[in-house]
Amino acid sequence: MILVIGLGHPLRRDDGVGLWIAQNLGEHQGVRVLGAQELTPELIPQVVAADLVIFVDARAGAGPVRWERIKPSSTPPLTHTLTPQGLLSWTEKLFGTAPEAWLVTVPARDFSLGEGFSPRTRLAAEALLRRLRAYLGGEE
Amino acid sequence: MRQVRIPVTRVEGHGLITLHLGEDGRVREARFHVTEVRGFERFCVGRTVWEMPALTARICGICPVSHLLCSAKAGDAILAVRVPRPAEKLRRLMNLGQIVQSHALSFFHLSSADLLLGWDADPKVRNLFGVAAFDRKLALDGIRLRAFGQEVIEILGGKRIHPAWAVPGGVNQPLSEEGRDRIAAKLPEALRIAQDALAYYEEHMGSWAEEIEHFGKFPSLFMALVAPDGSWEHYAGHIRFVDAERRVVADGLDPARYPEFIGEAVESWSYLKFPYYKPYGYPEGMYRVGPLARLNCCDRFGTKLADEALARFRATSGGKAVTASFHYHYARLIEILGALEKIQELLSDPEILSHRVRAEAGINELEGVGVHEAPRGTLFHHYWVDETGVIQRVNLIVSTGHNNLAMNRTVAQIAQRWISGREISEGLLNRLEGGIRAYDPCLSCSVHAVGQMPLRVVLVGPQGEILAERTRGA
């Protein structure tokens, strides 16, 4: 099972790009999609049940969409600063194993209050959505 | 002893404790300073009453549901409507889910490390990881139980945090059959976890005897909502006060008339007010709210397993009120169990799937009070509006505020027992933190950072001189 976790705040413009991806990805066989404002320990049972986890989040700055293979962090994190690496770390410590995971970040520049993306983030998000749909649909 | 000006940071969620010594070197007074200022009562003015549930839910990321429901109830009063029965049942269901998830967070994620690993354990291991290394099943149970409570909220409100679901007049979305079945399917595991945790607590109580005796064990009043038949209540009913003997001091009080029996004192050293029971005056009118108070105030819980546990709980104090604040943990576990039983009852009620969930009305009253039991205690939202429903004034009395006097008394008791000379030891720091945490106060992040509550303790001499100071986790 592939687990896609889209992260972001829906009222902070570009920050909500991960959530937008999660909401628009659609259904694919063997894929579970979650949207979240923040990572919490309650996701651990779902993470450990996955063969692959893809985190999608906004990244402040320019450049292309980045795909980065991530591993559990070495330092146990606190609940209020739970990162994807930290979530993997919790999973590994509690279950003895953590799945393969990737962090996909979308360039973002406008984090002001409101809805809607800046033009560059919008284009990057739409391209990522097409690529993820192709990958999850078995076309890539 | 003179007043000392304490430098405080306004960084939200930092705790500061000052311990004031007398000439004999003994702790004469302890103060738990709350330094956060949020301003909701001011910036909500000018918004409409319909916006208030969604706005006030932002007060907290841990218990947004409590403010959401309480605000909707204040809106009900301004609309002068009785919400449809199915809507009330759905609101109850969400509040029970909230009680489960919040209590699970408090017990498993935040407090179990203290209970399992001891008060003198290294702070680096006094967190959920430490618990996992010691008892993996307990750690996982905590995660699963909290996930259950959050799923109840998500299924009803569409999301786990800040659902904009309850509105003046009812709720904006009924429960689907599929949603009901999803909750029901996970109930057996949640009930198993709750029973295991309760059994664990009862088995190990003896090893915490010293802490039970000194973590805020003193006579006080207790306040909670109770149902018309005297049973445990969390959504409606009336206010009851009992004393340390569990004698009813006042009963049948209309929650909307709270200014007649609750006064709010102000101290120069804290932003948090000090509510008290008016007929007894300040500070003699100190009372406690929350799980401990609800169990002390009610005649019975009203469900089988929770009532059996309540009988054992009361046996620890010979049938009188349980006055040890340490047992907030015990009360929390019993409430989780009872809340799960009540969720089971609600799910088996066919009306829970009804689509009649909202009463429509305009502005019919210019003032309204919403009251219900949040996980941490009785919550009051009081709004004044103009003819168009625009908010003119807001007063919020949050659960943590009710316990302010008791938390200060608890800090003093712990300091008197564990302070040694002029040293602020690690053990004292841990116990002060644990004593505050027993109340599960919602000072935003301050007690919700696992194992590392940003805490500063200052020891003040009889002339106001600072004798020692220790900070952790800031």
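The values are calculated or read from the model by the stated rules, or taken from the named source; none is laboratory data. This structure is a prediction, so every number in the text was calculated from the model and none was measured. When we count neighbours, we look across all protein chains shown, and the Cβ atoms used for this are built from the backbone with ideal geometry, even at glycine.
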Point to revise | Count - residues of segment B:257-276 that are surrounded by fewer than 17 Cβ atoms within 10 Å (Cβ to Cβ) and more than 27 Å from B:Glu29 (Cβ to Cβ) | key: 3
**Study point:** Members of segment B:233-256 found to be basic (Lys, Arg) and either in a loop (DSSP other than H, G, I, E, B) or exposed (fewer than 15 other Cβ atoms within 10 Å of the Cβ) (or both), listed by number
**Key:** B:Arg246, B:Arg247
Practice item. Taking the options B:Ile397, B:Ile343, B:Ile352, B:Ile334, name whichever one is assigned by TED's automatic domain parsing to the domain that holds B:Asp181 and over 15 Å from B:Met52 (Cβ atoms). Key: B:Ile343
Check your understanding: What are the residues in segment A:1-30 that are at pLDDT below 95 and assigned to a strand (DSSP E or B), if any?
Key -> A:Arg12
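Is it the case that some residue within segment A:116-126 is away from every other protein chain (no Cβ under 14 Å), among the aliphatic types (A, V, I, L, M), part of a helix (DSSP H, G or I) and in contact (Cβ under 8 Å) with a residue 12 or more places away in the chain? Lay out the reasoning, then the answer.
Start the filter on segment A:116-126 by keeping residues that are away from every other protein chain (no Cβ under 14 Å), which leaves A:116-126.
Going one step further and asking which of them are among the aliphatic types (A, V, I, L, M), we end up with A:123-125.
With part of a helix (DSSP H, G or I) added as a condition, the list becomes A:123-125.
Among the residues that remain, those that are also in contact (Cβ under 8 Å) with a residue 12 or more places away in the chain are: A:124-125.
Yes, that holds for at least one residue.
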**Study point:** Residue tally, condition free of Cβ contacts under 8 Å to residues at least 40 places away in the same chain and surrounded by 20 or more Cβ atoms within 10 Å (Cβ to Cβ), over segment B:118-139
**Key:** 4
Review point. Out of segment B:167-193, which residues are more than 18 Å from B:Leu353 (Cβ to Cβ) and buried (at least 18 other Cβ atoms within 10 Å of the Cβ)?
Key: B:Val167, B:Pro168, B:Gly169, B:Ala190, B:Leu191, B:Ile193
Practice item. Determine whether segment B:145-167 contains at least one residue that is touching a His at 6+ places or on another chain (Cβ under 6 Å) and either over 23 Å from B:Ser425 (Cα atoms) or without any contact (Cβ under 8 Å) to a residue 40 or more places away in the chain (or both). Key: no
**Study point:** Selection from segment B:354-380 of residues that are in contact with a Leu (Cβ under 6 Å, 6 or more places away or on another chain) and over 17 Å from B:Arg82 (Cα atoms)
**Key:** B:Glu373
Point to revise | Subset of segment B:337-380 that is crowded, with 20+ Cβ neighbours inside 10 Å and assigned to a loop (DSSP other than H, G, I, E, B) - its residue that is farthest from the chain's Cα centre (by Cα) | key: B:Val357
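Pick out, from segment B:105-209, the helices (runs of 4 or more DSSP H) lying fully within it that include 1 or more residues that are under 30 Å from B:Asp76 (Cβ atoms), away from chain A (no Cβ under 13 Å) and of a type outside the set (Val, Ile, Thr).
Working: elements: B:112-117, B:128-134, B:136-157, B:177-204.
Fully inside segment B:105-209 and qualifying: B:136-157, B:177-204.
For segment B:419-429, name all the residues that are closer than 20 Å to B:Pro462 by Cβ and of a type in the set (A, V, I, L, M, F, W, C).
The first filter runs over segment B:419-429 and keeps only residues closer than 20 Å to B:Pro462 by Cβ, leaving B:419-424, B:428.
Across segment B:419-429, the qualifying residues are B:Ile419, B:Ile424, B:Leu428.
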